[in-house]
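The values are calculated or read from the model by the stated rules, or taken from the named source; none is laboratory data. Being a predicted model, the structure only gives us computed values, none of them experimental. When we count neighbours, we look across all protein chains shown, and the Cβ atoms used for this are built from the backbone with ideal geometry, even at glycine. Protein only, heavy atoms only, side chains kept; ligands, DNA and RNA dropped before computing areas. Shrake-Rupley method; radii C 1.70, N 1.55, O 1.52, S 1.80 Å.
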Amino acid sequence: MTDAISELAEIFDGEGAFIFVHRQGGLCPLFKVVTAKDIKDFNCPHARRHVNGVLLAMEHMCSNDGELARIVQTLANDCDITTVYAESVLLGEDLASQARSLWEAVSHKERSFGVEEKI
């Protein structure tokens, strides 16, 4: 499945971006946005990493608030998701930002709840 990223970059002719999710235990996941053009033109190292599949995030899907929320929640919380293709770089950056914010908000709430319980 390592060719999936390179193939998607080719199929979409270098348009869009990939979001690579690096999860590190309980720490906030790192969301790295790389343009499909860079992957297509330079065969970035991300394109050679093993992936279980690529979640597609297309503009028309994300225009629906419910679908957008589902994609952001999946990106933030699903440990099986390591790679997302976004139809545009702007969409990729927005999804990564929203997923990071959601993860931080939930994490903060859980930490606050734990502190309140001890009091």
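Annotations for the structure displayed:
- Residue in the range 83-101 that is within 24 Å of Asp3 (Cβ to Cβ), open to solvent by 80 Å² or more (accessible area, probe 1.4 Å) and in a helix (DSSP H, G or I) present: no
- Verdict on Cys44 being surrounded by 17 or more Cβ atoms within 10 Å (Cβ to Cβ) and modelled with pLDDT under 80: yes
- Residues of the range 1-44 that turn out to be among the small types (Gly, Ala, Ser) and closer than 17 Å to Gln98 by Cα, as a count: 1
- Residues of the range 68-82 that are in a helix (DSSP H, G or I) and either open to solvent by 50 Å² or more (accessible area, probe 1.4 Å) or among the hydrophobic types (A, V, I, L, M, F, W, C) (or both): Leu68, Ala69, Arg70, Ile71, Val72, Gln73, Leu75, Ala76, Asn77.
- Of all residues making up the range 1-23, the number that are open to solvent by 80 Å² or more (accessible area, probe 1.4 Å) and at pLDDT below 80: 2
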